[in-house]
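Below is one structure, written out as structure tokens; the observations come after it.
The values are calculated or read from the model by the stated rules, or taken from the named source; none is laboratory data. Note that this is a predicted model, so its numbers are computed, not measured. Every residue, glycine among them, receives a Cβ derived from its backbone with ideal geometry; neighbour counts consider all protein chains shown. Only protein heavy atoms, including side chains, enter the accessible area calculation; ligands, DNA and RNA are left aside. Shrake-Rupley method; radii C 1.70, N 1.55, O 1.52, S 1.80 Å.
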Amino acid sequence: MASLWRAVSGQTNQLSDYDGVEFWSNPERTGWLTKQGEYIKTWRRRWFVLKQGKLFWFKESTVTRASRPRGVIPVASCLTVKGAEDVLNKQYAFELSTRTETMYFIADSEKEKEDWINSIGRSIVQHSRSVTDSEIVDYDSQKR
């Protein structure tokens, strides 16, 4: 799990890490969630911003151009987002998973949890990379 958290935790807070996403302007969704830490498995309340296929988090809810995210998750690298109350034994919990790792979050209500799952799920679908014709290699059609 450490590799994903290093990749998404914004440890190198350079604007290039955000692919030009103006997270401070007109986000698709914002709100408080509690997330589990990477190394020390404590729960911390963070302000989350979903915009253009990236899920950013901050310590404060006032987000401006000068704000620096505490982390960012490219949702295109995620495969599933679903409820996780049974896994964590915590109300309003949900998980976001890649092929190799799972991150856990807790919302403030059932409605908030469902709204986040729906918003992140839509973003995963919209930003997942689909195979294009140029990426398909047909070895049968190549000369040997």
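So here's what we get for this one:
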{"item": "Subset of the range 89-103 (residues that are aliphatic (A, V, I, L, M) and modelled with pLDDT of 95 or more)", "result": "Ala93, Leu96"}
{"item": "The range 60-84 - residue that is at pLDDT 95 or above and charged (D, E, K, R) and, of those, nearest to the chain's Cα centre (by Cα)", "result": "Lys82"}
{"item": "Filtered residues of the range 26-42 (kept if surrounded by 15 or more Cβ atoms within 10 Å (Cβ to Cβ) and assigned to a strand (DSSP E or B))", "result": "Arg29, Thr30, Gly31, Leu33, Thr34, Lys35, Gln36"}
{"item": "Top-ranked residue of the range 67-125 - restricted to ones that are of a type in the set (Asp, Glu) and without any contact (Cβ under 8 Å) to a residue 60 or more places away in the chain, ranked as most open to solvent (accessible area, probe 1.4 Å)", "result": "Asp86"}
{"item": "Scan of the range 47-72 for residues that are part of a strand (DSSP E or B) and over 12 Å from Tyr18 (Cβ atoms), ordered by number", "result": "Trp47, Phe48, Leu50, Trp57, Phe58"}
{"item": "Residue that is modelled with the highest pLDDT [pool: residues in the range 126-144 that are assigned to a helix (DSSP H, G or I) and surrounded by 10 or more Cβ atoms within 10 Å (Cβ to Cβ)]", "result": "Gln126"}
{"item": "Residue list for the range 73-103, filter: of a type in the set (D, E, K, R) and in a loop (DSSP other than H, G, I, E, B)", "result": "Lys90, Arg99, Glu101"}
